[in-house]
Amino acid sequence: MPTAAGYTGIVIGTASSCPYSASEPATAPKKPSKANPVRKKQSRPMATKREISEGKKKVERIKQPVTRAYTSENPKYRVGKALLSVSELRAAGPYCMDLHKYYMQNVNQAEEIMVSYEERHFLQLEGNSNIFIVAWSDLFDLFNLDALDLSLIRCFALHMQQETRRRTGKKCGYIDPQLMTVTFMLTDRDSLVRYMVKCMGVHADKEHIVVPHNPGNHWVTLIINVRSKQVFYLDSSIPSDESGAPQIRDYSLVISILDESLDRHLRAKEGYKEQRQAAFTHHTAWTCTRQPSGNSCGFYVCHNMLLVAEKPDFTDEDDYFNQMTLGNVKDIRERLAGFLMMEVVNTKGEFHPR
């Protein structure tokens, strides 16, 4: 399979492909008038910290190991204030209008949005809990096309599970984004390897395993094909050096985890006799949609999840990605709003707490 030579764009999804999609044409978020660096993330406790010698050695080679994946509250957010203007809401779509109305009615008197899921969805639970929270402040970033919190990336992964199960027929497995952050990789590498081995076994009949991965202050989409032993890295914002040449991120930590997981997965199979350690071929510069400057990497990870669910094949970069236009981040916003209203807030929704 060829390696990428460039990083070009695509329109992802159509208004008719999902009941949560927007009806307006594909547009890209506006370029900020001044520098808008990704905000620092706030880590939350996930597991007991212990010595991870191999993991620490890998991390030492990462240039800027920002071990956080949650966004801090946007300084522009004001509790109880409208998240968009009336005209902006009308243009955003019906589900955005419904979610905004729900927010305005409940922000001062109700708990934040609770999303309930089962072990079958992510093949794991957070301790004894099966609930995670979408904070009211996270909706501000969603509506304003800013940095998506991890909770909203998890919501979109759940939404895509529904899409592949109900509509597209595409066999894709989805990994819990929370476990694919540098935070968790540093705190409990061994548990993550066991989790990935489990996922490779459960999703053995799937064409791809889709992995939203946060290497530190940024979201990247990993597409794993266990059968062909390949991993494709879709990075919407590849950094450049002083000369403008692209600099691929240091993925050594996640590469070591995925390779170890593959080796354990294959050795668990009856009759496997290979002596050498199994490893993936890692395509770390695969062509994908490039985001404008700003904090929209989370939206482009959602775009990539949608692409993999809709496209019939993943063998030709030039054919797989439309190289003319950027993805429609507003469509992703409307999809997420629709998911929250129909599947979480709605008492009959699949992810409504019971």
Problem - ³J(HN,Hα) computed for each position of the stretch 288-300 - Karplus, 6.51 cos²θ - 1.76 cosθ + 1.60, integer Hz, glycine/proline x - result: 7, 4, 9, 7, x, 4, x, 10, 8, 4, x, 5, 6
Practice task
Pop out the Kirkwood hydrodynamic radius of the stretch 160-242 from its pairwise C-alpha distances, inverse of mean 1/r, in Å to one decimal.
Solution key: 13.9
Practice task
Take every Cα-Cα distance within the stretch 175-334, group them into 10 Å bins from 0 onward, and report for each bin the whole-number percent of pairs it holds.
Solution key: 9, 39, 35, 15, 3, 0
Fill in the blank from the handout: Rounded to the nearest 0.05, FRET efficiency between residue 204 and residue 81 (Cβ-Cβ, R0 51 Å) equals 0.55
Practice task
Counting only DSSP beta bridges with both residues in the stretch 128-237, tell me the antiparallel percent, nearest 5.
Solution key: 70
Completion exercise
Two pseudo-spin positions, 7 Å from Cα along C-beta at residue 281 and at residue 245, lie apart in nanometres by 2.4
Problem - Placed amide H near residue 173: partners under 5 Å, 5+ positions off or other chain - result: 208, 209, 210
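Can you tell me how much longer the chain between residue 98 and residue 252 gets when fully stretched, taken as 0.36 nm per residue apart minus their C-alpha distance, in nm with one decimal? Let's see the in-between values first.
Numbers: separation 154, 0.36 × 154 = 55.44 nm, distance 4.31 nm.
Contour length minus Cα-Cα distance gives 51.1 nm.
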Exercise for the section: Return the whole-Å distance between the Cα centroid of the stretch 91-163 and the Cα centroid of the stretch 332-354. Expected result: 8
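With a ≥ b ≥ c taken as the square roots of the eigenvalues of the C-alpha gyration tensor of the stretch 82-170, please select rounded if a/c is under 1.5 and otherwise prolate if a/b is larger than b/c or oblate if it is not? Please list the in-between numbers first.
Working: a/c = 2.35, a/b = 1.44, b/c = 1.64.
Because a/c hits 1.5 or more and a/b fails to exceed b/c, the stretch 82-170 counts as oblate.
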Exercise for the section: With label points built 7 Å along Cα→Cβ from the Cα atoms of residue 352 and residue 88, find their separation and express it in nm. Expected result: 3.0
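What pairs in 76/348; 198/348; 229/273 have C-alpha atoms more than 25 Å from each other?
Numbers: 76/348 34 Å; 198/348 30 Å; 229/273 17 Å.
Listed pairs above 25 Å: 76/348; 198/348.
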Exercise for the section: Rank by packing, highest mean first: peptides 283-292, 212-221, 76-85, with packing defined as the count of other Cβ atoms within 10 Å averaged across residues. Expected result: 212-221, 283-292, 76-85
Fill in the blank from the handout: Residue span residue 131 to residue 227: 0.36 nm per residue of separation minus Cα-Cα distance leaves a gain in nm of 31.3 nm
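Report the full-extension gain for the segment residue 272 to residue 116: residue separation times 0.36 nm, less the Cα-Cα distance, to one decimal in nm.
Values: separation 156, 0.36 × 156 = 56.16 nm, distance 3.88 nm.
Residue separation times 0.36 nm, minus the Cα-Cα distance, leaves 52.3 nm.
Taken together, the values in this text are just the output of simple stated rules run on the coordinates, not laboratory data. Note that the structure is predicted; figures quoted are calculated from it, not measured. A quick note on method: Cβ atoms are made from the backbone with ideal geometry, for glycine too, and the neighbour counts reach across all protein chains shown.
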